[in-house]
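Worksheet: one structure, shown below.
The values are calculated or read from the model by the stated rules, or taken from the named source; none is laboratory data. Bear in mind that the values here come from a model prediction, so they are computed numbers and not experimental data. Glycine also receives a Cβ, built like all others from the backbone with ideal geometry; neighbour counts cover every protein chain displayed. Accessible surface is based on the protein model in full, side chains and every heavy atom, while ligands, DNA and RNA are left aside. Shrake-Rupley method; radii C 1.70, N 1.55, O 1.52, S 1.80 Å.
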Amino acid sequence: EQKMKEPIVTIETRLGTIKVKLYNETPLHRDNFIKLAEANFYDSLLFHRVIGNFMIQTGDSTTRHAKEGDDVGSYDLGYRIPAEIHFPQFFHKRGALAAAREGDSVNPERESSASQFYIVYGSVMTTNGLNRAQQRLDENTEGKVQLTTDIRNYYMRHGGTPHLDGQYTVFGEVVEGMDVVRDIDYVPTNEFDRPMEDVRIIAA
């Protein structure tokens, strides 16, 4: 059986171009993302939440016209996408594309935001860091999410954000432009994690 080609979406930003491929194993997220990109939904949106050595987040349509100092990031399209979490096949490695979502307390099914997504930058992990991440995972997933040896090795070599594993839908990965993700991840931000100078998506 021939595997369907994985679609590639090009995200052009002020700091350069990021290309992501979307996994066919997460068809609901894949199709929704393509639908929004084809409707030009992401064009001119801000990366409104950027945390150094962690991730960059976008997809709030109100950021298109956000002024400096505006509270950003709480807006969404009013529908959710059922979780398509495939751990350990997909994990929060550096470059992972994943869907943001509301917290477990109001969203126990871990359904994804319709439009907000983040790209992982993360950091290269130590054994201690991974053990701490595993403790957090044990608490947040009742021990259901165990970092395998392979995944631990990956995090120690390449980096990522293991404490999110198994709790958010990872639906793609960066195939080009990881240096751009890094550059965005390192921009100065205010106390609300919003970049001081707007980092905008020109087109997706």
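Annotations
- Residues in segment 46-63 that are touching a strand residue (DSSP E or B) at 6+ places or on another chain (Cβ under 7 Å), within 16 Å of His92 (Cβ to Cβ) and either surrounded by fewer than 17 Cβ atoms within 10 Å (Cβ to Cβ) or among the β-branched types (Val, Ile, Thr) (or both): 2 in all.
- On inspection, Val120 fails the criterion of being aliphatic (A, V, I, L, M), open to solvent by less than 10 Å² (accessible area, probe 1.4 Å) and either over 24 Å from Leu28 (Cβ atoms) or touching a Pro at 6+ places or on another chain (Cβ under 6 Å) (or both).
Conditions tested, residue by residue: (1) of a type in the set (A, V, I, L, M, F, W, C); (2) under 15 Å from the mean Cα position of the chain (by Cα); (3) at pLDDT 95 or above; (4) outside any loop (DSSP other than H, G, I, E, B).
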residue	(1), (2), (3), (4)
Glu6	no, no, yes, no
Lys19	no, yes, yes, yes
His29	no, yes, yes, yes
Tyr42	no, yes, yes, no
Asn53	no, yes, yes, no
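- Sole exception among (1) among the aliphatic types (A, V, I, L, M); (2) buried (at least 16 other Cβ atoms within 10 Å of the Cβ); (3) over 21 Å from Arg157 (Cβ atoms) for Met125, by number: (3)
Rundown of residues vs (1) of a type in the set (S, T, N, Q); (2) under 24 Å from Ala83 (Cβ atoms); (3) not in a helix (DSSP H, G or I), yes/no style:
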site	(1), (2), (3)
Val145	no, yes, yes
Asn153	yes, no, no
Gly172	no, yes, yes
Phe192	no, no, yes
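- Looking across segment 70-93 at every residue that is out of contact with any helix residue (DSSP H, G or I) (no Cβ under 8 Å at 6 or more places or on another chain) and in contact (Cβ under 8 Å) with a residue 60 or more places away in the chain, the one that is most open to solvent (accessible area, probe 1.4 Å) is identified as Asp71.
- Annotation note: Cβ proximity below 6 Å between a residue of segment 28-49 that is closer than 18 Å to Gly16 by Cβ and a residue that is in a helix (DSSP H, G or I) and of a type outside the set (Lys, Arg) (sequence gap 6+ or interchain) occurs for Leu45/Thr63; Leu46/Thr63; Phe47/Ile184.
- The residue that is farthest from Lys21 (Cα to Cα), among those in segment 149-204 that are open to solvent by 60 Å² or more (accessible area, probe 1.4 Å) and polar (S, T, N, Q), is Thr149.
- Within segment 60-94, the residues that satisfy the criterion of being more than 25 Å from Ala133 (Cβ to Cβ), assigned to a loop (DSSP other than H, G, I, E, B) and either under 13 Å from the mean Cα position of the chain (by Cα) or charged (D, E, K, R) (or both) are Asp60, Lys67, Glu68, Asp70, Asp71, Asp76.
- Odd one out for Ser105, checked against (1) loosely packed, with under 13 Cβ neighbours inside 10 Å; (2) touching a residue at least 24 places away in the same chain (Cβ under 8 Å): (2)
- Looking only at segment 16-27, and only at residues there that are touching a residue at least 60 places away in the same chain (Cβ under 8 Å) and surrounded by fewer than 19 Cβ atoms within 10 Å (Cβ to Cβ), the one that is farthest from Asp183 (Cα to Cα): Glu25
- Residues within segment 131-148 that are farther than 29 Å from Ala114 by Cβ and crowded, with 19+ Cβ neighbours inside 10 Å, tallied: 1
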